[in-house]
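What follows is a short report on a single structure.
The values are calculated or read from the model by the stated rules, or taken from the named source; none is laboratory data. Just so you know, these numbers come straight off a predicted model, no measurement behind them. Using ideal geometry, Cβ is built from the backbone for each residue, glycine included, and neighbour counts are taken over all protein chains shown.
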Amino acid sequence: MEIKAVKFRKDGFYTQPFAFGGEDGMEKFDKTIRYRGSLQNYLIDTGDEVILVDTGLPAGTPEEVPDENSILYTGKDISSYMEALANLGYKPEQVTKILLTHKHSDHSGELKSFPNAQIFVNEEEINADELQGISNLVPVSFTDGPYYNFPESQKIVEGIYLIKAKGHTNGNSLVIVENDGLFYMLHGDITYVDEALYENKLSVVYDDLAAARETLDRVREFVRNHSTVYCGTHTPQGYENLEAKRVMDLENPAPTVLAEVDFTEQKASGKYVCSICGYVYDPAEHDGVAFEDLPDDWRCPRCKKPKDKFNKA
């Protein structure tokens, strides 16, 4: 069995208030501390099947144009998700299953490119806007009982489990792969950066704060008691851990390498991108109303997050 990272954005960042401020408040943390960011999803090649964990941003999603006030930046395009998959040597028709961690479009963006794959998704997210018009969804009700300290799981194939992990969204899930004596935890947004796992901090993005806290507690308990390689979506630490087979040790954190950020002015298009769900605000589709002129209490039509979660594109 092989696990590979499908890398499609690099050189992003997540500020400490964004990555740590979910419970204590963003004001308690230093906005000048920017942890490294990226975007990648994962592929599991069992030898018999090719299984994806999430499917990247939709093709054509514009890059953001960050400035010193941006609380996060998803990074520069390496390629589209589908190009990144091809660069690993895989074709869409080879993919037999897709395990969706949650609905947001940086995880679900190319699901429609895999019409022949079974797409396993927490049944609580089946009706999400991002998943409409997709006929090959398989709703998961987690009927296989506990997986160690996680109360609800679904065995997908031998050694691969989808785990209910509510909090970031109400239908959030994570994936655990057992291989060669290690547990590979492939997740979406349990944390955005590994520092948050070490420091036991929640990000500011969640549908259910109490559930997000419970999930993070369970993740930390699992990591403490099992040899776990922690593979996130939003930080290069995810694929670095994978490539090094680095087992997380909560008492001995890996050294932090902060983001190197160049705020050289780039030309903005007038569009804005929600950094949480990927929704693109285009003034041309809203009677010419500039994003800056929207009321302060305006929220993303898709994920309902406030204006400060949007970046220029």
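Evaluate region 201-211: report whether one residue or more is assigned by TED's automatic domain parsing to the domain that holds Phe8, crowded, with 24+ Cβ neighbours inside 10 Å and hydrophobic (A, V, I, L, M, F, W, C). Scanning region 201-211, I find no residue that is assigned by TED's automatic domain parsing to the domain that holds Phe8, crowded, with 24+ Cβ neighbours inside 10 Å and hydrophobic (A, V, I, L, M, F, W, C), so the answer is no.
Determine if region 208-228 includes at least one residue that is within 21 Å of Gly56 (Cα to Cα), among the β-branched types (Val, Ile, Thr) and touching a Gly at 6+ places or on another chain (Cβ under 9 Å). No, region 208-228 contains no residue that is within 21 Å of Gly56 (Cα to Cα), among the β-branched types (Val, Ile, Thr) and touching a Gly at 6+ places or on another chain (Cβ under 9 Å). When Ser105, Ser113, Ser79, Ser70 are screened for being within 16 Å of the chain's Cα centre (by Cα) and of a type in the set (Gly, Ala, Ser), only Ser105 passes.
Taken together, the criteria exclude Gln154 from residues that are among the polar types (S, T, N, Q), surrounded by fewer than 20 Cβ atoms within 10 Å (Cβ to Cβ) and on the phi < 0 side of the Ramachandran plot. A count restricted to region 111-127 and to residues that are crowded, with 22+ Cβ neighbours inside 10 Å and not in a helix (DSSP H, G or I) stands at 5. Taken over region 37-53, residues that are closer than 15 Å to Tyr81 by Cα and touching a Gly at 6+ places or on another chain (Cβ under 7 Å) amount to 4.
Here region 68-81 is the region considered, the condition is being closer than 14 Å to Gly12 by Cβ and of a type in the set (D, E, K, R), and the residue that is surrounded by the most Cβ atoms within 10 Å (Cβ to Cβ) is Asp77. For Val65, indicate whether it is under 24 Å from Ile156 (Cβ atoms) and more than 19 Å from the chain's Cα centre (by Cα). The answer is no for Val65.
So, Phe150, is that one of a type outside the set (Lys, Arg) and within 22 Å of Cys277 (Cβ to Cβ) or not? It is false that Phe150 is of a type outside the set (Lys, Arg) and within 22 Å of Cys277 (Cβ to Cβ).
Looking only at residues in region 11-56 that are β-branched (Val, Ile, Thr) and over 21 Å from the mean Cα position of the chain (by Cα), the one that is surrounded by the fewest Cβ atoms within 10 Å (Cβ to Cβ) is Thr32.
Taken over region 236-258, the criterion of being in a loop (DSSP other than H, G, I, E, B), touching a residue at least 24 places away in the same chain (Cβ under 8 Å) and surrounded by fewer than 20 Cβ atoms within 10 Å (Cβ to Cβ) is satisfied by Lys245, Val247, Leu250, Pro253, Ala254, Thr256, Val257. Considering only residues of region 260-313 that are small (Gly, Ala, Ser) and outside any helix (DSSP H, G or I), which is surrounded by the most Cβ atoms within 10 Å (Cβ to Cβ)? That would be Ser275.
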